[in-house]
Amino acid sequence: MIDSKIDEIINKILYICENSIIYDEYLENHRHVSAKGIEFYVANYNEQYNEILSYFYRENNIDRKYFSKEYIFDIIDILIAETLVLGICIIKNYPKILKSKFKRLFNEKFQEVMVYIPIYGLNLEINEIKIGNVEIKNMDADAVNLLADNLERLLRKNRFFKPENYEEEIDRYRGYVLNFENKTVAIISLRADEKTAIKIAEEETLTVLDVLQFYSYLFYHRDLNAYLGIEGGVARGFNNIIAHKSDFSDYNLTDRLIGAKHLFTISEEELEKMEKFGLIKLSDILKRQLNTLNDFQKKLLIGIHWFSAFRTQNLVENQFISLMVVLEIFLSVRGEPVSNYIAENVARILYSDFEERKKIKIKIKKFYRKRSDIVHGRPEEMPEEKDFDEFECLVFNLTKWMVLNMDKFGSKKELIDYLDDKRLY
């Protein structure tokens, strides 16, 4: 921020301090502030704060998506409190004092934030993997101790705790960080306020996990339930059930494992295979802002999400619907008979032999009838296991084809036009 703009902000802060500060009475439209060891109210704060807010957004290339209005309001609170503590007359006579504090506060509050998110279901046998903006790595003792030491240094510098609980509280916070040792974490660095950074980091991590979940199909059958998630977001445990006859003449005990039965192991071999099937291209897409992606790229990410989601479903009906949604995301067109159009295009994409195309088209239309039975509450039997496995494989191969051919299409319409042209041959 240029000095002239800082001067304008300081003048506005001084105006608020002289005209809008109340210490002992709260009224509607007053803002309560507790900062720098003092408490006060700012009368009719909204208009005055918003005027300063506009300087931050307009003059500093600060994106509203990354820095919330309330976050910047808190910064304004600190500047007002600094002025009141130092004295309005002193700041008027020596504005460089507040300007210096403003610059230091600005650099502190608008720097990059590092977010560490433990993830579940992944066994990383390589040092790290970078997909989009997300770095995935194993947290060893050195990395965790460095984090814990930096946190402790902050806590000892700023006396957050009561003296009688000081060491106990520091140990508690160190313990929180030390629990990250030997965990696999997603690490994202972005310039945002902390709450927003965490929210965006979680969203981007989940999208990357969708991509890895999609690729896990190359290595694991659905029955292994090798699926990924943010720690705490994926349920796993033994489902213990007791059943017995009413006269206790017989009983049955079950201890089924619910959730992921297998970790997705990524070594150099798995990474090489994923890169062969488009991981590098997907990673490049994930580095970009959503509003810079073309229509086809957006549809591709949504399709991958739904394919990945089917593995997290316990009920076969829900798995089946998730896979059907993938087909509709890629191939449904308004004005066309849905089941026939989708079935025909899946067959055209995946098979060159005419007779094979006919067989697959019939099967997919049959699957589509099952979809209608499920969503309309008709208690029909689900496809047999071997048929479901075949359908699952079809949807995966279709999605994989979309990944490998993503550079050919800028929109879903271009894909549909391409498929319609192939009808002529």
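The values are calculated or read from the model by the stated rules, or taken from the named source; none is laboratory data. Predicted model only: the values in this text are computed from it and were never measured. Reconstructed Cβ throughout: ideal geometry from the backbone, glycine too, with neighbour counts over all protein chains shown.
Could you tell me whether the stretch 114-131 includes any residue that is of a type in the set (Phe, Trp, Tyr) and in contact (Cβ under 8 Å) with a residue 24 or more places away in the chain?
Checking the stretch 114-131: at least one residue is of a type in the set (Phe, Trp, Tyr) and in contact (Cβ under 8 Å) with a residue 24 or more places away in the chain.
Residues in the stretch 9-64 that are touching a residue at least 40 places away in the same chain (Cβ under 8 Å) and either touching a Pro at 6+ places or on another chain (Cβ under 7 Å) or among the polar types (S, T, N, Q) (or both): how many?
Result for the stretch 9-64: 2.
Among the residues in the stretch 59-68, are any part of a helix (DSSP H, G or I), surrounded by 12 or more Cβ atoms within 10 Å (Cβ to Cβ), assigned by TED's automatic domain parsing to the domain that holds Glu18 and touching an Asp or Glu at 6+ places or on another chain (Cβ under 6 Å)?
no
Here is a list of conditions, (1) without any contact (Cβ under 8 Å) to a residue 60 or more places away in the chain; (2) loosely packed, with under 14 Cβ neighbours inside 10 Å, and Ile97 meets all of them except one; can you say which number that is?
(2)
When the residues of the stretch 159-194 are filtered to those that are outside any helix (DSSP H, G or I) and charged (D, E, K, R), which remaining residue is nearest to Val211 (Cα to Cα)?
Lys183
Can we say Ser372 is in a helix (DSSP H, G or I) and out of contact with any helix residue (DSSP H, G or I) (no Cβ under 6 Å at 6 or more places or on another chain)?
Against the criterion (in a helix (DSSP H, G or I) and out of contact with any helix residue (DSSP H, G or I) (no Cβ under 6 Å at 6 or more places or on another chain)), Ser372 qualifies.
Would it be correct to say that Thr254 is modelled with pLDDT under 95 and surrounded by fewer than 18 Cβ atoms within 10 Å (Cβ to Cβ)?
So Thr254 fits the description; yes.
Run down Asp7, Asp77 and say which single residue is assigned to a helix (DSSP H, G or I) and buried (at least 18 other Cβ atoms within 10 Å of the Cβ).
Only one candidate passes the filter, namely Asp77.
Which of the numbered conditions does Glu181 fail, given that it passes all the others? Conditions: (1) touching an Asp or Glu at 6+ places or on another chain (Cβ under 9 Å); (2) closer than 30 Å to Asn61 by Cα.
Unmet condition: (2).
Across the stretch 209-223, which residue is farthest from Val134 (Cα to Cα) among those that are out of contact with any strand residue (DSSP E or B) (no Cβ under 9 Å at 6 or more places or on another chain) and either assigned to a helix (DSSP H, G or I) or at pLDDT 95 or above (or both)?
Asp223
Here is a yes/no grid of residues against (1) farther than 17 Å from Glu152 by Cβ; (2) of a type in the set (A, V, I, L, M, F, W, C):
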site	(1), (2)
Glu164	yes, no
Glu168	no, no
Asp171	no, no
Gly175	no, no
Phe180	no, yes
Thr184	yes, no
Ala192	yes, yes
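Being out of contact with any Gly (no Cβ under 6 Å at 6 or more places or on another chain), without any contact (Cβ under 8 Å) to a residue 60 or more places away in the chain and either of a type in the set (Asp, Glu) or within 30 Å of Asp77 (Cα to Cα) (or both) narrows it down to one of Phe110, Phe161, Phe106, so name that one.
Phe161 is the lone residue from the list that is out of contact with any Gly (no Cβ under 6 Å at 6 or more places or on another chain), without any contact (Cβ under 8 Å) to a residue 60 or more places away in the chain and either of a type in the set (Asp, Glu) or within 30 Å of Asp77 (Cα to Cα) (or both).
Please go through the stretch 60-96 and pick out each residue that is under 30 Å from Gln289 (Cα atoms), out of contact with any strand residue (DSSP E or B) (no Cβ under 9 Å at 6 or more places or on another chain) and not aliphatic (A, V, I, L, M).
Asn60, Asn61, Arg64, Lys65, Ser68, Lys69, Glu70, Tyr71
From the set of residues in the stretch 10-44 that are surrounded by 12 or more Cβ atoms within 10 Å (Cβ to Cβ) and small (Gly, Ala, Ser), which is nearest to Ile78 (Cα to Cα)?
Of everything passing the filter in the stretch 10-44, Ala35 is nearest to Ile78 (Cα to Cα).
Do you know which residues across the stretch 174-208 are touching a strand residue (DSSP E or B) at 6+ places or on another chain (Cβ under 8 Å) and of a type in the set (Ser, Thr, Tyr)?
Once the filter is applied, which keeps residues that are touching a strand residue (DSSP E or B) at 6+ places or on another chain (Cβ under 8 Å) and of a type in the set (Ser, Thr, Tyr), the stretch 174-208 yields Thr184, Ser189, Thr205.
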